[in-house]
Each structure stands twice: as C-alpha cells, then as structure tokens.
1. How many of the residues making up the range 34-85 are among the aromatic types (Phe, Trp, Tyr) and over 8 Å from the mean Cα position of the chain (by Cα)?
2. Looking at the range 20-49, I want the residues that are free of Cβ contacts under 8 Å to residues at least 12 places away in the same chain and have a partner that is in a strand (DSSP E or B) with Cβ atoms under 7 Å, at least 6 apart or on another chain. Which pairs are those?
3. Among the residues of the range 10-19, is there at least one that is at pLDDT 95 or above, within 11 Å of the chain's Cα centre (by Cα), in a loop (DSSP other than H, G, I, E, B) and of a type outside the set (Ser, Thr, Tyr)?
4. Under 11 Å from the mean Cα position of the chain (by Cα) and assigned to a strand (DSSP E or B): is that true of residue 31 in this structure?
5. Are any residues in the range 17-60 surrounded by fewer than 16 Cβ atoms within 10 Å (Cβ to Cβ), under 16 Å from residue 82 (Cβ atoms) and charged (D, E, K, R), and if so, which ones?
6. Kindly indicate the residue of the range 61-85 that is without any contact (Cβ under 8 Å) to a residue 60 or more places away in the chain and assigned to a strand (DSSP E or B) and also surrounded by the most Cβ atoms within 10 Å (Cβ to Cβ) among those meeting that condition.
7. Kindly evaluate residue 36 against the criterion of being polar (S, T, N, Q) and at pLDDT 95 or above.
Amino acid sequence: MPKEIRFSAHALSKISLLGDRGIEVSEKFVIQTIRSPDKLEIEQEKITAQKQFNDSLVLRVIYREFQAFLLVITLYPGKRSRYEN
C-alpha cells in the first residue's frame, strides 16, 4: 500500500500562490507527480519528482520520505527546456 502524502503549509501556500498567478496546480497532480514522475532526483534526504505540466513547463515537487508518510516540502514550475534532457 502506498504511503500517505502530506502537504506542508509552505507547499499549500505555493499551490495557492501559483493559482493567483494563473498556474492552476491541483493537489491531485502533485500526488500524480510523486507516484509516477517522468524524472526523479534523490539528494541526501530530499527527493525531487518531476512531471510534464504543459507544453512549456514541468512541475517539480520536492519531498521527504518518512517511515509512515511522504511530506511535500515545496513545488514549483520550471521551463521544460531547462529541466528535460
């Protein structure tokens, strides 16, 4: 059974801020990004999951894995040209 995914207050505020700027990111899409990323980067205790968001952007989700759950720390859109190989 997959671990529960929790959102930090900062991650929730980023979703709201992006929405205010016209980039609608749902919690469901963030979870999809973690569960089936196009790209995964692991650096010490933080994991970055990346998924194509639209024609020009990817969504990058930074999270930590704990024994009982995953915690989304932050997320941000990035230009596909910068993050895709």
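1. Number of matching residues: 4.
2. 40/47; 40/49; 41/48
3. no
4. No, not satisfied.
5. Within the range 17-60, 38, 39, 41, 55 qualify.
6. The residue in question is 61.
7. Answer is yes for this residue.
The values are calculated or read from the model by the stated rules, or taken from the named source; none is laboratory data. Since the structure is predicted, the reported quantities are computational estimates derived from the model, not experimental observations. We place every Cβ from the backbone using ideal geometry, glycine too, and count neighbours over all the protein chains shown.
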